[in-house]
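Before any comments, here is the structure.
No value in this document is a laboratory result; all are computed from the given coordinates. What you see is a predicted model, and the numbers here were worked out from it, not measured in a lab. Note that we place each Cβ from the backbone using ideal geometry, even for glycine, and neighbour counts take in every protein chain shown.
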Amino acid sequence: MYWRQPRPGEYVPYREVVMLSIGWMALLMSISWTIGFGVGNQFTGMTLKMNNTQLLVMSYVCTGIGYLTTPLNAWIIDNLRSTDGKYRVYIKLALPSMILTVVSLWLPYERVRDSGRYGIYFMIAMLFVVGQVQGYVQGWVNTGVTNMVHVMTPNTQERTKIMAITSIIYSMGYTISNIYFPLMVDVLCENGDKYNMRYFRGTYTPVALLMPIVMVAYFGTRERLVLPKSRITRMSFSNSMRAVAGNKIFWIKCADGWNDFLEGAKGNIWDWMVYRAHIMKSTTYGVLNTISYNANFWGMLLSPWFIKRFGKRTIKIFKNTVQIFLIASYFLFYKTRFAAIGLFIVYTIDRFVDTGNVIDSAIESDMRDNQQYLIGERIDGAFGFIQSYAGGVIGAVTGLFIPWVYRKKGFDGNDYSVLDVYKDYDETKPLSQQVKNPGCVLYSLMDTLLKISIFGAAVDVLPWFAYDISETGQKSMIRVIRIRTIVEDRNNPARDEASYIEGCEAIMKARKYIDEEKVEVPHHSIISEARALPAKTPEEKQARIEAIKAAKQAIEDARTHNEEIEIAHFVMRELNRFETPFGKKQYELCRMIVDGGEEHFHDKAEEIKEFAHSLPESDIKEERTWRKQEIKNAKQIEHSRTLCSQYYPDGVDYDPEKAERAFEMPDDTRENAKLRRRAMKQANAEQNMYTTYAAPYLAAVRTLDLYNGYNDLDSLIADYDKTVSERKARHDAERAEQERLAEERRIDRERYEAQKKMKKRK
């Protein structure tokens, strides 16, 4: 029933979730290969024999290139207009990515390296060029697939559920990889030495050829962002940067990631113990690692319930705290004969409590929704821009730390033999008969790395104490965004039906619960009492089942009731925002700007700027943010005056429909496509100039629209019953048609089976 149409109250049919999951799983496997420059990199360092100095220099060069491309990437994400959507369009690059990956695998790196005195530098140049192109294209495919989950539905709970389901399915890619890659070591390599081109080409080429499967995520999904259809404004690059820089959730999330150089110092321990200390066969490693990895299946499966019950903040603090003790436990066994089973147990527990795939994606969505709630604009690309720039600087510094530790412990990045526990290892002999390597520094190095990881895990806990978006707060922000959307679109004949219904319901629920009192949530003991009821007869069993259901429902109803009251107060604070001292002054300021009209709003630039600075300084976070915005808009008015004299000396002449007409032009022939591109380029240039010039005016208009809409809510929701009735009638008709078709298929199937039986009898 819900394969092609969503469940009532949701947006996404099951088919889309499955298609995204399959494409994501294929993506994770097919992007396993990419050329990278980093200390300890298995391909460039251990296989092609680049030393640590060369790897660090090239990593800095790549970081510099990233500084140049990241602003372009952010601009493309936030401003590219495509019929395929905001992120879905990039999935189409899957096929070019596959071709580039296969080419990058089969270039003659070793032959070039050994060709002469300067061969190593020619090889590095080849790696750099190919790696930049292949990594850039592959990165766009990854961006498209991984961000689809943020835009498939505006429903927070449904989005978390989709994240959990997709995580469970696409993690099968990891499962297959964890078996496949170690197995290929035994198939293609001698003595477990996987650092050769035969292994990389024979192993990663088949995986790269899976990339076309990623296209099912393109053909099988669609985007559903909650945005006003009448909105023509766009965030300038500088404004986006300022907005993101003030987002506390963004910095908490970044701090958690940027500290990985400490906590992640232990990252190679199991791999090194297998391939340097030879504690187990590569195939055994693959099997155990796969079993261990799949322990996170349960965490991902239960993530929606965990989030609903405990909240993201509590989960992150708990997970990072457990991580400290897990890393410390390595010292108990990793030098003993129990190393193999000990590593397996610790990794299994670690992955069991790790719900990062779901939790981190949910936090990412919360962060973007919070930004849209605070400033009224949807920002996506700017987050990646700042994270890359700030992260690049931090990475450039922290990237020196681990190599420094390596050198201090006797590994200079050139001679990898010092990591080998046994000299001239022979896989046909047991470890007791192997010759120990007197120059081995592996265990000493790992002792230090584990201590660093423990410190890093402890530091990782701290940022999450500042995370202040509760699950109820998240729902509240989404409802406010819905209300703002229908207010802004109230005069738009092409308004979105679902957005209108949900916006109206947000208003009606706020009115319903604002005067309600919270109730006491029943204790969980009522469930235990229900379970303790006798169940000897069928009647008693049924009564016991009903009692358990009633107890659980009573708890859930009380929690829902109390949550709706909290949301109602949040929503009503928004609806009454212009009755506060700040709201009244903000209205006066916006009225002053709008009264000048789109051609003369800048005539009183100095007076407006002075008025903006006089806005009350509030203790409320939202009002502090709005005050900053109003001051920024007031300052920008002076720039608008300059643009007006330069581009509109004879008056503002802007047609808001021109861009849409150009966007809808036919492109069935080469000539029509050329005309369409030219028209879109011109229309977009005109729109960009207008929105830059009129940004302060349009922002003031939106604020006045909210003021007028909030003062006339009854008129706003007047069409609710009619719209719901029309949608119900349409859904009933669609369901009836589906049932009719299903019945026809059943009759056809029965007729076919009957015909087969008749033929057999003859």
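State the label only: which of (i) 55, 42, 27; (ii) 41, 36, 27; (iii) 49, 37, 30 corresponds to semi-axes √(5λ) of the Cα gyration tensor in Å computed from the shown model?
Comparing each candidate, only (iii) matches the computed number.
What angle do you read, to the nearest 10 degrees and between 0 and 90, between the alpha-carbon axis of helix 581-595 and the longest principal axis of the chain?
For helix 581-595, the angle is close to 70 degrees.
Please list the non-local residues whose amide H lies under 5 Å from the amide H of MET152, H modeled 1.01 Å from N, same-chain partners needing a gap of 5 or more.
ARG224
Taking the Cα-to-Cβ direction at PHE333 and at ALA718 and moving 7 Å from each Cα, how far apart do the two end points lie in nm?
Going from the PHE333 label point to the ALA718 one covers 7.2 nm.
Please compute the length gained on full extension between LYS308 and TYR654, using 0.36 nm multiplied by the number of residues separating them and subtracting their Cα-Cα distance.
Gain on extension, LYS308 to TYR654, equals 119.8 nm.
Under a plain spin-label model, where a point goes 7 Å from the Cα along Cα-to-Cβ, how far apart in nm are ASP360 and MET665?
Roughly 4.4 nm, to one decimal.
Given a Förster distance of 41 angstrom, what is the FRET efficiency for ALA742 paired with PHE352, based on the Cβ-Cβ distance and rounded to 0.05?
0.50
Could you name the aspartates and glutamates whose alpha carbon sits less than 19 Å from that of LYS423, not counting residues in the same chain fewer than 8 places away?
In chain and number order, the partners are GLU190, ASP193, ASP271, ASP412, ASP415.
Set Lys and Arg Cβ to +1 and Asp and Glu Cβ to -1, take the dipole of the chain about its Cα centre, and tell me which of PHE306, ALA634, VAL405 lies farthest positive.
Looking along the dipole axis, the top candidate is VAL405.
Nearest 0.05, what FRET efficiency do LEU72 and TYR180 give at R0 = 35 Å with Cβ-Cβ as r?
According to the calculation, E is roughly 0.50.
Too long at a 25 Å Cα-Cα cut-off: which of LYS475/LYS584; LYS266/LYS308; LYS49/LYS409; LYS92/LYS674; LYS253/LYS319; LYS512/LYS722?
Correct reply: LYS475/LYS584; LYS266/LYS308.
By average Cβ neighbour count within 10 Å, what is the ranking of 477-490, 528-541, 558-571, 331-344 from highest down?
477-490, 558-571, 331-344, 528-541
Once amide H atoms are built 1.01 Å from N in the peptide plane, which residues 5 or more positions from LYS281, or in another chain, come under 5 Å H to H?
none
Could you calculate the FRET efficiency of SER470 with VAL61 from 1/(1 + (r/R0)^6), where r is the beta carbon distance between them and R0 is 41 Å, rounded to 0.05?
On the way: r = 44 Å, r/R0 = 1.07.
Given R0 = 41 Å and the Cβ-Cβ separation, E is 0.40.
In sequence order, what are the phi-derived ³J(HN,Hα) couplings for segment 87-104 according to the Karplus relation 6.51 cos²θ - 1.76 cosθ + 1.60 with θ = phi - 60°, rounded to whole Hz, with x for glycine and proline?
For segment 87-104, the Karplus-derived couplings read 10, 4, 4, 6, 5, 5, 7, 4, 5, x, 5, 4, 4, 5, 5, 4, 4, 5 Hz, x marking Gly and Pro.
For the Cα atoms of the chain, what angle does the longest principal axis make with the long axis of helix 339-353, in degrees from 0 to 90, nearest 10?
Value to nearest ten degrees: 0.
Quick check: residue separation of ILE545 and VAL519 times 0.36 nm, minus the Cα distance between them. What number comes out in nm?
Contour length minus Cα-Cα distance gives 6.8 nm.
Amide H to amide H under 5 Å from TYR422: which residues, 5+ apart in sequence or cross-chain, H placed 1.01 Å off N in plane?
ASN437
Per DSSP helix of 4 or more residues, -39500 (n - 2.57); summed, then divided by the residues of the chain. What does that give at 222 nm, rounded to the nearest 500?
Rounded to the nearest 500, the figure is -23000 deg cm²/dmol.
How would GLU471, GLU660 line up from fewest to most surrounding beta-carbon atoms within 10 angstrom?
Lowest to highest Cβ neighbour count: GLU660, GLU471.
Using the Karplus equation 6.51 cos²θ - 1.76 cosθ + 1.60 (θ = phi - 60°), what ³J(HN,Hα) coupling, rounded to whole Hz, does each residue of segment 60-72 give in order, writing x for Gly and Pro?
Residue by residue, segment 60-72 yields 5, 4, 5, 4, x, 4, x, 4, 7, 8, 4, x, 4 Hz.
Just order 451-459, 128-136 by mean Cβ neighbour count inside 10 Å, highest at the front, would you?
451-459, 128-136
So which of LYS509/LYS621; LYS86/LYS628; LYS312/LYS552 end up more than 26 Å apart by C-alpha?
LYS86/LYS628
Give, as ranges by residue number, the residues of segment 738-760 whose backbone N falls under 15 Å from the point 7 Å along Cα→Cβ of TRP3.
738-747, 749
Any chance you could run the full-extension gain for GLU726 through GLU607? It's 0.36 nm times the residue separation minus the Cα-Cα distance, nm to one decimal.
Fully extending the segment from GLU726 to GLU607 adds 37.8 nm.
Need one number: nm distance between label points at ARG531 and TYR136, each 7 Å from Cα along Cα→Cβ, rounded to one decimal.
According to this spin-label approximation, the distance is 5.9 nm.
Using the Karplus equation 6.51 cos²θ - 1.76 cosθ + 1.60 (θ = phi - 60°), what ³J(HN,Hα) coupling, rounded to whole Hz, does each residue of segment 518-524 give in order, writing x for Gly and Pro?
5, 10, 7, 6, x, 6, 5
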